[in-house]
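Notes for the one structure printed next.
Quick note: the coordinates plus some simple rules give every number you see, no bench work behind them. Since the structure is predicted, the reported quantities are computational estimates derived from the model, not experimental observations. As a convention, Cβ positions derive from the backbone with ideal geometry for all residues, glycine included, and neighbour counts pool all protein chains shown.
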Amino acid sequence: MKYTLLSTFILIFSFYTNAFALDITFADDDWDGVTIPKGQQCQKFGGINPATPRWIVSNIPIGSDTIILEYSDRDSKKMDKGGHGRMLFPISPTATQTEIPSVPGHTFIIPSQFAMIEAHRGAGWDIDGAYMPPCSGGKNHAYYVTIKTVKGDLITAEMVVEMGKY
């Protein structure tokens, strides 16, 4: 009886935790989730017009009205958990898929459809701005983005996507 109840709970929990899994892919062929593309690192280490990848987000829960993007460096305590910049991108509550455009690095001038939540936390390390591209100097740091869909203040889905190592 205990095992049946536990199995049922695990099955139900798995269904509900996976019911709102986003499907996220890179819209640019240069990004593969393994290695940061050449030129997409910060300018301090030779980046050329670095910017966030463009994203295709599918399986968005109906009613979600905003996507939050939190760019991070897993190997730097200061730059982890959104330390490379946090921003939001409004969507239609009826949207189930959207393409999110790139945001340039090293500037506070971002596309008008975005709003900055928090500038990158590396002030003084390289050029300030809403987004700091990977900037470890090639020390094999792991970069990722956490993408959340929200409805008002409620998170409706969340997924972590590996951007690659630099």
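Other residues within the sphere of radius under 13 Å centred on the Cβ of Ile56, judged by their own Cβ, net out at -3 (K and R +1, D and E -1).
Only helices enter the 222 nm calculation for the chain: every DSSP H run of n ≥ 4 contributes -39,500 (n - 2.57), and dividing by all residues gives -3500 deg cm²/dmol, rounded to 500. Count charges around Gly46 for me, please; just the other residues with Cβ under 15 Å from its Cβ, Lys/Arg as +1, Asp/Glu as -1. Every neighbour counted, the sum reads +2. Take 69-75, 113-119 and order them by the average number of nearby Cβ atoms within 10 Å per residue, most first; the result is 69-75, 113-119.
The count of lysine pairs in the chain with alpha-carbon distances below 27 Å, taking only pairs 8 or more places apart or on different chains, stands at 22. Compute the angle between helix 2-18 and the longest alpha-carbon principal axis of the chain, please, reported from 0 to 90 degrees and rounded to the nearest 10. Rounded to the nearest ten degrees, it is 40.
Among residues other than Ala130 with Cβ under 14 Å from its Cβ, the summed charge is -2 (Lys and Arg +1, Asp and Glu -1). Using 0.36 nm per residue and subtracting the Cα-Cα separation, the extra length available between Gln113 and Thr25 on full extension is 29.7 nm. What the phi angles of region 99-116 give under the Karplus curve with 6.51, -1.76 and 1.60, with θ = phi - 60°, is a coupling list of 10, 9, x, 5, 10, x, x, 6, 7, 9, 8, 10, x, 4, 6, 9, 9, 7 Hz, glycine and proline written as x. Between amide H atoms placed 1.01 Å from N, distances below 5 Å from Asp80 occur with Asp73, all of them 5 or more places distant or on a separate chain.
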